[in-house]
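Student: Quick one: this structure, given as structure tokens, is what I'll be asking you about.
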Amino acid sequence: MKGNVLPPQADGSIPIELITDRQGCEGCATRGFCKLPDAERLCVPPSLLPEGTRAGDVVSVDLPAGFRVWLAFSTFILPLLLLVGGAFVGSRHGEAWSLILGCTGLGLGLGLTIFLHRRARFVARIRITRC
């Protein structure tokens with residue numbers, strides 16, 4: 001993903017305005033009411049930028065493939081596994097317990113996902129290179 005480097009903020013961090021790739025928008029069924037922004041901002045410490053990068057330069061921002069796989073797993077698969085696991089454990093004690101423990105597992109999975117994503121140091125895993 002490409003981005004434009006903006007002037008430093010008061011706290012010393014450097015904002016990068018990410019340019020979203022809109023190639024898939026043509027065939028999307030939700031294009032009429034899509035709220036996807038044209039650009040998104042990401043603030044990084046100056047140490048992550050390549051030397052000599054100034055405001056106005058175009059940079060390439062990338063997350064390692066393994067980190068993207070971990071994000072996808074923790075977002076989609078982990079809550080589903082806890083839902084099924086809770087329902088399976090609850091099924092031994094009746095239908096009501098299956099429903100209660102399944103919903104509890106799903107809630108724990110979603111809460112755990114939020115906790116993991118907030119604790120993940122996204123900025124430390126980002127690779128920024130000049131274009």
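The values are calculated or read from the model by the stated rules, or taken from the named source; none is laboratory data. In this text, all values refer to a predicted model and were calculated from it rather than measured experimentally. Cβ atoms come from the backbone with ideal geometry, glycine included; neighbour counts cover every protein chain shown.
Student: Hey, among the residues in the stretch 38-85 that are under 13 Å from L6 (Cβ atoms) and acidic (D, E), which one's surrounded by the most Cβ atoms within 10 Å (Cβ to Cβ)?
Tutor: Among residues in the stretch 38-85 that are under 13 Å from L6 (Cβ atoms) and acidic (D, E), the one surrounded by the most Cβ atoms within 10 Å (Cβ to Cβ) is D57.
Student: Now, a different point. Just to be sure, is R22 in contact with a helix residue (DSSP H, G or I) (Cβ under 8 Å, 6 or more places away or on another chain), modelled with pLDDT under 80 and not assigned by TED's automatic domain parsing to the domain that holds L108?
Tutor: no
Student: Sticking with this one: Please note which helices (runs of 4 or more DSSP H) are completely contained in the stretch 35-131 and include at least 2 residues that are of a type in the set (A, V, I, L, M) and at pLDDT 90 or above.
Tutor: The qualifying helices (runs of 4 or more DSSP H) are 78-91, 95-119.
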